[in-house]
Amino acid sequence: MSKKIIVLFLSLFTIHQISIAQNKEKLITEINTILQNEIDQSKIPGAVILIKQGDEEIYKNAFGYAFLKDFNEQIVANPEKTTINHLYDIASLTKVIGTTTSMMLLVDKGLVKIDDPVSKYIKAFNTVDKNKITIRHLLTHTSGLYEWYPMFYYCNNKQEVYKIIDELPLKFPVGSGRHYSDLGFMLLGEIIETVSNLSLEEYMEQNIFIPLKMEHTMYNPLKSKSEYNIAATSHGNPYEKRMVTDSTLGFTIDSINVNQWNGWRQYTLKGEANDGNAWYANNGVSGHAGLFSTISDLQKVVDVLKHHGKTEDFQLISENTINLFLTQDEFNNGLGWMMDANNAVIKNAPEGSFGHTGFTGTSIAVVPKYDISVIMLINRQNMGLLNSLFYYNLNPVREQVFTAVMNYCSEEKE
């Protein structure tokens with residue numbers, strides 16, 4: 001090879017590297033602007049973000065405050081700054097990080113089959129209306145179960161929760177549509193316990209968190225022997241109280257006297273599961289919510305999914321099982337994971353992308369085509385309810401961030 005060709009090659013390589021660096025700097029600037037504007041406008045207290053492509057952490061940073069407002073929605077005397085090591089209540093990310101991953105492992109070992117009837121594991125489901133419900137239906141939110149039910153009005157432990165679900169009639173025909181259901185994932189938690197002969201907490205710890213060295217992922221972090229920095233969430237449970245009392249939300253139950261239970265927390269939550277059914281009725285441990293984690297720990301599960309079930313050292317889940325769970329169904333979603341590109345968290349994403357959100361303000365987006373992922377942890381509830389009596393809608397923020405990342409991938413590919 002002549003010196004001229006070598007010089008030309010090196011020049012082109014250098015130009016390419018400079019272009020990549022510029023694109024990365026442009027992305028970081030855009031992300032900073034999006035998130036800092038949200039904080040400056042008092043829409044969110046703080047955020048942590050991690051964007052990773054391949055083995056490279058493109059951007060990892062913390063913004064704003066992990067604890068900004070007290071129960072009276074006044075700014076505390078010394079707001080606690082957010083760090084990348086803060087634990088967040090990941091809410092419904094529990095469904096995918098904990099419960100769905102657990103189901104993947106059980107399927108991999110042949111202990112559960114996706115199209116098994118739920119009645120195989122829960123005898124109470126061997127009824128005319130429920131015997132057609134399968135594990136797949138639970139994972140895809142197509143079982144016909146209630147989306148939500150205030151278990152805490154009747155239950156003090158998981159056994160009582162399971163009994164209530166067993167006795168509730170179906171709200172929708174089995175398989176007729178996707179109706180996002182917390183109850184379905186509570187049952188998946190029960191099935192995991194039944195099959196493994198371990199508590200849900202023990203199964204996840206032994207089979208996911210310890211193997212992946214997720215040392216900062218757990219239920220009930222306040223019960224841990226270690227002390228952690230934990231982001232604050234809501235001031236009691238004002239939205240769930242509204243779900244019980246405000247019929248316009250579509251969750252009220254005619255048979256429930258709203259005054260028959262009054263155990264509402266009267267303080268700002270910091271280390272206690274925000275989700276009322278997880279906290280009050282399931283003692284903080286459930287298949288649908290309750291896990292706390294850091295952004296780096298969450299990335300470890302995402303990396304396994306991106307890398308066909310592999311870690312650096314071993315195969316945690318088979319590639320076949322990963323593919324099974326991350327194949328779109330008739331409603332454009334996977335098993336556990338959302339795959340519908342109409343969803344803000346993966347808006348207009350290429351085929352095969354997947355993600356999920358959590359009510360507290362957490363989200364994960366993964367794009368296998370570009371080997372890239374975006375995890376955001378935002379404790380939006382610490383700002384309190386808006387005048388509309390809803391929490392601030394993060395979907396536009398998620399979409400802006402995701403679009404910026406997709407633009408970066410497109411420019412990098414050129």
query: Taking Thr311 and the conditions (1) within 30 Å of Glu56 (Cα to Cα); (2) of a type in the set (Ser, Thr, Tyr); (3) modelled with pLDDT of 95 or more, which numbered condition does it fall short on, given that it satisfies the others?
result: (3)
The stretch 51-76 residues that are on the phi > 0 side of the Ramachandran plot and free of Cβ contacts under 8 Å to residues at least 24 places away in the same chain, paired with ones that are assigned to a strand (DSSP E or B) and surrounded by 15 or more Cβ atoms within 10 Å (Cβ to Cβ) (beta carbon under 7 Å, 6 or more apart): none
Filter result for the condition that a residue is more than 30 Å from Thr233 (Cα to Cα) and of a type in the set (A, V, I, L, M), over Ile295, Ile317: Ile317
message: Quick check on this structure: which one of Gly336, Gly352 is surrounded by fewer than 22 Cβ atoms within 10 Å (Cβ to Cβ) and modelled with pLDDT of 95 or more?
response: Gly352
message: For the stretch 96-115, give me the residue count where each residue is more than 19 Å from His137 (Cβ to Cβ) and part of a loop (DSSP other than H, G, I, E, B).
response: 2
- prompt: From the set of residues in the stretch 379-406 that are without any contact (Cβ under 8 Å) to a residue 60 or more places away in the chain and assigned to a helix (DSSP H, G or I), which is farthest from Ala66 (Cα to Cα)?
  reply: Met406
task: Please determine, by comparing only the residues of the stretch 116-131 that are assigned to a helix (DSSP H, G or I) and closer than 15 Å to Tyr162 by Cβ, which one is nearest to the chain's Cα centre (by Cα).
output: Val118
field: Which numbered condition Leu324 fails, given (1) surrounded by fewer than 18 Cβ atoms within 10 Å (Cβ to Cβ); (2) closer than 30 Å to Lys163 by Cα
entry: (2)
- line: Picked from the stretch 152-180 (must be of a type in the set (Lys, Arg) and not in a helix (DSSP H, G or I)), the residue nearest to Met338 (Cα to Cα) is Arg178
message: If Ala365 satisfies all but one of (1) within 30 Å of Gln41 (Cα to Cα); (2) in contact with a strand residue (DSSP E or B) (Cβ under 7 Å, 6 or more places away or on another chain); (3) of a type in the set (A, V, I, L, M, F, W, C); (4) touching a residue at least 60 places away in the same chain (Cβ under 8 Å), what's the number of the condition it fails?
response: (4)
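Considering only residues that are more than 23 Å from Glu227 (Cβ to Cβ) and not in a helix (DSSP H, G or I), look in the stretch 276-288 and name the one that is farthest from the chain's Cα centre (by Cα).
Keep residues of the stretch 276-288 that are more than 23 Å from Glu227 (Cβ to Cβ), which gives 276-277, 280-282, 286-288.
Now restrict to residues that are not in a helix (DSSP H, G or I): 282, 286-288.
Working: Asn282: 18, Ser286: 13, Gly287: 12, His288: 9 Å.
My answer is Asn282.
Results for (1) at pLDDT 95 or above; (2) small (Gly, Ala, Ser); (3) surrounded by 14 or more Cβ atoms within 10 Å (Cβ to Cβ); (4) more than 24 Å from Trp337 (Cα to Cα), shown as yes or no for each residue.
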{"position": "Ile191", "(1), (2), (3), (4)": "yes, no, yes, no"}
{"position": "Val195", "(1), (2), (3), (4)": "yes, no, yes, no"}
{"position": "Pro211", "(1), (2), (3), (4)": "yes, no, yes, no"}
{"position": "Ser226", "(1), (2), (3), (4)": "no, yes, no, yes"}
{"position": "Ala232", "(1), (2), (3), (4)": "yes, yes, yes, yes"}
{"position": "Pro238", "(1), (2), (3), (4)": "yes, no, yes, yes"}
{"position": "Thr248", "(1), (2), (3), (4)": "no, no, no, yes"}
- prompt: Hey, among the residues in the stretch 47-95 that are in a strand (DSSP E or B), among the small types (Gly, Ala, Ser) and in contact with a Phe, Trp or Tyr (Cβ under 9 Å, 6 or more places away or on another chain), which one's nearest to Arg265 (Cα to Cα)?
  reply: Ala66
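Do you know which residues across the stretch 307-329 are aliphatic (A, V, I, L, M) and either in contact (Cβ under 8 Å) with a residue 60 or more places away in the chain or not in a loop (DSSP other than H, G, I, E, B) (or both)? Talk me through it step by step, then tell me what you get.
Narrowing the stretch 307-329 to residues aliphatic (A, V, I, L, M): 316-317, 322, 324, 326.
Answer for the stretch 307-329, where residues must be aliphatic (A, V, I, L, M) and either in contact (Cβ under 8 Å) with a residue 60 or more places away in the chain or not in a loop (DSSP other than H, G, I, E, B) (or both): Leu316, Ile317, Ile322, Leu324.
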- request: Of the conditions (1) surrounded by 16 or more Cβ atoms within 10 Å (Cβ to Cβ); (2) under 21 Å from Leu93 (Cβ atoms); (3) of a type in the set (Ser, Thr, Tyr), Ser318 clears all except one; give me its number.
  value: (2)
- request: Could you tell me which residue of the stretch 250-268 is surrounded by the fewest Cβ atoms within 10 Å (Cβ to Cβ), considering only residues that are in contact with a strand residue (DSSP E or B) (Cβ under 9 Å, 6 or more places away or on another chain) and among the hydroxyl-bearing types (Ser, Thr, Tyr)?
  value: Tyr267
task: Residue by residue through the stretch 229-266, note down the ones that are more than 24 Å from the chain's Cα centre (by Cα) and either of a type in the set (Gly, Ala, Ser) or farther than 23 Å from Leu168 by Cα (or both).
output: Ser247, Ser255, Gly263, Trp264, Gln266
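Of all residues being buried (at least 24 other Cβ atoms within 10 Å of the Cβ) and touching a helix residue (DSSP H, G or I) at 6+ places or on another chain (Cβ under 7 Å) in the stretch 376-397, which is farthest from Ala231 (Cα to Cα)? Just the residue, please. It would help to see each step written out before you state the result.
Initial filter on the stretch 376-397 (buried (at least 24 other Cβ atoms within 10 Å of the Cβ)): 376-379, 381-382.
After this cut, where a residue has to be touching a helix residue (DSSP H, G or I) at 6+ places or on another chain (Cβ under 7 Å) as well, the list is 376-377.
Values: Met376: 13, Leu377: 10 Å.
Within the stretch 376-397, the match that is farthest from Ala231 (Cα to Cα) is Met376.
The values are calculated or read from the model by the stated rules, or taken from the named source; none is laboratory data. None of these values were measured; they are calculated from a predicted model. FYI the Cβ positions are ideal-geometry reconstructions off the backbone, even for glycines, and counts take in every protein chain you see.
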